[in-house]
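I have placed the structure first, in the form of structure tokens, so that the comments after it can refer back to it.
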Amino acid sequence: MRRKPIVAIDGPAASGKSTTARLVARRLGYIWVDTGAMYRALALKALWEGIGSENHERLKEMVGRTDVRLKERGGDLRVFLDGEDVTEAIRSPEVTHAVSWVCTFPFVRQAMVKLQREMACDGGVVMEGRDIGTVVVPDAEVKVFLDADVKERARRRWRELRERGVDVSLDEVEQDLTERDRKDTEREHAPLCRAPDALVVDTTSLSVEEQVDRIVGMVKVYMANRKKQIAKRKSQNLLKPCV
Ligand code: DC
């Protein structure tokens with residue numbers, strides 16, 4: 001049994017995963033793992049090397065010689081691609097576009113899932129993505145599926161982009177999100193779907209603080225129950241006759 005649980009947070013784009021996962025991790029003193037950032041780093045390198053969606057072999061070869069790492073720096077998560085900090089570069093619209101095909105290849109997913117499992121194995125992590133509770137760590141102790149109405153998700157993403165100085169209409173953002181949802185849910189390998197044992201948290205009308213409180217509450221309930229179970233097992237062992 002892991003000392004600390006794994007918290008798996010899945011959900012569609014702009015459902016609030018990153019903000020929520022970061023704050024839940026901070027409240028619990030756990031490590032935050034943004035798996036989308038790992039796929040984005042590979043997409044950035046594919047763009048740098050001029051690899052297109054039809055160049056499977058070149059992409060495969062590139063993945064084999066690429067080092068992707070997440071590091072915590074000053075309470076923030078930084079993404080390193082072959083030692084270079086690409087935290088900001090992976091958020092460009094070009095990368096957002098490229099990652100939607102890069103992440104569909106089984107060899108890409110296998111490489112990233114292997115790293116993600118290594119990061120999760122000791123517990124004490126809040127890992128967010130699309131396939132965490134279903135594929136990466138199906139035995140995660142706490143599973144959450146964050147969702148929100150597409151219009152609300154579009155408004156959030158639009159506000160974020162405007163703050164970053166990106167000039168885009170709300171309609172365009174909504175269309176883009178709908179298209180990303182379609183690609184994420186319909187892809188052949190590890191599509192976005194709710195694990196049967198994940199609790200759905202609809203964030204449409206929740207504040208970030210409420211989202212975080214709910215998930216931290218789930219972890220506390222899990223920990224309290226686990227303590228009870230351990231105590232129960234111990235007391236049962238005491239009752240067993242010694243042979
Ligand atoms: O969460 P995000 O928008 O940064 O994710 C970037 C892309 O990576 C997105 O197209 C979905 C994909 N992704 C994935 O396929 N599996 C994950 N575990 C995380 C992200």
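The values are calculated or read from the model by the stated rules, or taken from the named source; none is laboratory data. Computed from a predicted structure; not experimentally measured. Glycine gets a Cβ as well: all are built from the backbone with ideal geometry, and neighbour counts include every protein chain shown. Quick note on the areas: whole protein, heavy atoms, side chains included, nothing else; ligands and nucleic acids left out. Shrake-Rupley method; radii C 1.70, N 1.55, O 1.52, S 1.80 Å.
Quick notes on this structure:
- The accessible area of THR185, taken with all protein chains in place and a 1.4 Å probe, comes to roughly 70 Å².
- For the stretch 19-153, the extents of the C-alpha atoms along the principal axes are 41, 36, 29 Å, listed from largest to smallest.
- Using 0.36 nm per residue and subtracting the Cα-Cα separation, the extra length available between ASP67 and ARG3 on full extension is 20.2 nm.
- Kirkwood-Stokes translational diffusion coefficient of the stretch 142-193, alpha-carbon pairs, 25 °C, 0.890 mPa s, µm²/s: 201
- Euclidean distance of C-alpha centroids, the stretch 89-104 and the stretch 1-72, integer Å: 12
- Cβ-defined net charge surrounding ALA89, 11 Å radius [Lys, Arg +1; Asp, Glu -1]: -1
- In units of the compact-protein estimate 2.2 N^0.38 Å, the chain shows a Cα radius of gyration of 1.10.
- Full extension of the segment from VAL216 to THR96, taken as 0.36 nm per residue of separation minus the current Cα-Cα distance, would add 40.2 nm.
- Rounded to 5, percent antiparallel among DSSP beta bridges of the chain: 30
- Local net charge near GLY124, Cβ-Cβ under 12 Å (Lys/Arg +1, Asp/Glu -1): +1
- Global geometry of the stretch 18-88, whether rounded, prolate or oblate, following the gyration tensor of its Cα atoms and the 1.5 cut on a/c: prolate
- Check: the stretch 121-199 dipole with +1 on Lys, Arg Cβ and -1 on Asp, Glu Cβ, in debye: 220
- P(r) histogram, all alpha-carbon pairs of the stretch 116-243 included - 10 Å bins from 0, percent: 10, 28, 31, 18, 7, 4, 2, 0
- The number of Lys pairs in the stretch 60-209 with C-alpha atoms less than 25 Å apart, excluding pairs fewer than 8 positions apart on the same chain, is 10.
- Dipole axis of the chain (+1 Lys, Arg; -1 Asp, Glu on Cβ), positive-most option in GLY64, LEU161, GLY123: GLY123
- For the pair THR185 and THR204 in one chain, pulling the backbone fully straight at 0.36 nm per residue adds 4.9 nm over the alpha carbon distance.
- GNM remark for the chain: springs join alpha carbons under 10 Å apart, and the peak mean-square fluctuation among VAL126, VAL208, VAL79 falls on VAL208.
- Using alpha-carbon coordinates, inclination of helix 93-102 to the longest axis of the chain, degrees: 60
- Over all pairs of different C-alpha atoms, the stretch 103-162 has a mean inverse distance whose reciprocal, the Kirkwood radius, equals 13.6 Å.
- Here the dipole of the stretch 150-243 is about 1200 debye; that uses its Cα centre as origin and unit charges on the Cβ of Lys and Arg (positive) and Asp and Glu (negative).
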